[in-house]
Amino acid sequence: MLSFQRLEVYQRSIEFFAHALEIIDELPAKGHADIADQLRRAAESQPLNIAEGAGRTSRPDIAKHYTIARGSAMECAAILDVMKIRGTLKPHRYDRGIDLLTSVVAMLTKMI
């Protein structure tokens, strides 16, 4: 196991990514490709940037990647809000997603 894989923030971001894929799979077949793609990309960006940041050696470079990951987590929360308003997201999916993202954002904020 690589060092970044042991990070709790990485593990929660991977958990959110899996949750996001479940949300995407539950979307109606038509008319939601754009938001599904945006959620997938923002959810995927989090663990990728956390891993890249953990692999860097300079403090500013590390912080840059963690900041990008934090921004992607915030974007995911906004996407879930939009989906909730559109009525395309089940309440338990919204609640679990926001819980995971709140945790990810809090940890990344401390790490930055």
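The values are calculated or read from the model by the stated rules, or taken from the named source; none is laboratory data. The structure displayed is predicted, hence computed values, not measured ones. Methodologically, a virtual Cβ is constructed for each residue, glycine included, from the backbone with ideal geometry; neighbour enumeration extends over all protein chains shown.
For (1) in contact (Cβ under 8 Å) with a residue 60 or more places away in the chain; (2) farther than 14 Å from S72 by Cα, each residue gets a yes or a no:
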| site | (1), (2) |
| --- | --- |
| L7 | no, yes |
| R12 | yes, no |
| E26 | yes, yes |
| G31 | no, yes |
| D34 | no, yes |
| R41 | no, no |
| L48 | no, no |
| A54 | no, yes |
| R59 | no, yes |
Completion exercise
Exactly one of I85, I79 is β-branched (V, I, T) and farther than 24 Å from T109 by Cα, and that one is I85
Problem - Count - residues of region 78-93 that are surrounded by fewer than 18 Cβ atoms within 10 Å (Cβ to Cβ) and free of Cβ contacts under 8 Å to residues at least 60 places away in the same chain - result: 9
Exercise for the section: Residue by residue through region 1-21, note down the ones that are exposed (fewer than 13 other Cβ atoms within 10 Å of the Cβ), modelled with pLDDT of 95 or more and either hydrophobic (A, V, I, L, M, F, W, C) or under 16 Å from K90 (Cα atoms) (or both). Expected result: A18
Completion exercise
Filtering region 97-112 for residues that are buried (at least 17 other Cβ atoms within 10 Å of the Cβ) and under 12 Å from the mean Cα position of the chain (by Cα) leaves a count of 7
Exercise for the section: Answer yes or no as to whether H32 is under 18 Å from L101 (Cα atoms) and surrounded by 15 or more Cβ atoms within 10 Å (Cβ to Cβ). Expected result: no
